[in-house]
1. Divide by every residue of the chain the summed helix terms, -39500 (n - 2.57) for each DSSP H run of at least 4, and state the resulting mean residue ellipticity at 222 nm, rounded to the nearest 500 deg cm²/dmol.
2. Out of Gly3, Thr140, Ala86, whose Cα points farthest toward the positive end of the dipole of the chain (charges: +1 Lys, Arg; -1 Asp, Glu; placed on Cβ)?
3. Who wins for biggest fluctuation among Glu127, Glu55, Glu27 in a Gaussian network model of the chain, springs between alpha carbons below 10 Å?
4. Can you grab the distance from the C-alpha centre of region 107-182 to the C-alpha centre of region 36-63, Å, no decimals?
5. Using Cα pairs under 8 angstrom and six or more residues apart, how large is the relative contact order of region 76-182, in percent?
6. If amide hydrogens are placed 1.01 Å from N in the peptide plane, which non-local residues have theirs closer than 5 Å to the one on Ala133?
7. Of Arg91, Arg109, Arg139, which has the largest mean-square fluctuation in a 10 Å C-alpha GNM of the chain?
8. So what's the Cα pair-distance distribution over the chain, bin width 5 Å, in %?
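All of the numbers you see were taken from the coordinates with simple rules; none came from a lab. Computed from a prediction, not measured in an experiment: that's the story for all the values here. Note that each Cβ is placed from the backbone with ideal geometry, even for glycine, and that neighbours are counted across all protein chains shown.
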Amino acid sequence: GLGLATTDLVLATHLLSRHRHSLELVETTPDDTPLSVQIFGGKIRDLVNAARWLEDHGYQGVDLNMGCPMAKVNSQGGGARLLCDADNACRLVEAVVAGVKLPVSVKMRLGWDRDSISAPYLANRFEQAGVVAITLHGRTRQQGFSGTVNLDGITETVAAVSRIPIIGNGDVTSVADAHRML
């Protein structure tokens, strides 16, 4: 009954170089179907090549991480850092979508900080580029995991797209929380 399985985020260059830990992160069993692998990085070429590697190795989807708030991920230009340059983020998504036949999704946050909420704009552009779904953490990168999820920000992002699902993320620790998010 599993609708979708996914991995932890994997650095695109480590996947391409077959780094032992990255290969462990994408290990799977037949029960993990369909399986989407979440990749991150700051260079378009690396992300396209990692997505092609996943396609060549039989994975069923690619999830681009634009939401991780961790400094070690952001310092390499990946994760939420991509939200700081909308044009580059859009070029990246367009290149990955064009580079593979697999469905491509994006995980992102509302924006870098409360003064730069970019999720509604980016979701609309990503939908136009061919992304099949977006998982949206309802906090900014600046918030990290503190404070509460901004449900209005998620609602605004849902209104910015016409056909793809926006999957709300953050502060869901019970069935009641999931109903509140919906």
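1. On the way: 8 runs with 70 residues, N = 182.
Only helices count here, giving -10500 deg cm²/dmol.
2. Value computed over the given set: Ala86.
3. Of Glu127, Glu55, Glu27, the Gaussian network model singles out Glu27 as fluctuating most.
4. Region 107-182 and region 36-63 have Cα centres spaced 22 Å from each other.
5. 25 percent
6. Hits under the 5 Å cutoff: Val106.
7. Among Arg91, Arg109, Arg139, the largest mean-square fluctuation in the Gaussian network model of the chain belongs to Arg91.
8. 1, 9, 18, 22, 21, 16, 10, 3, 0
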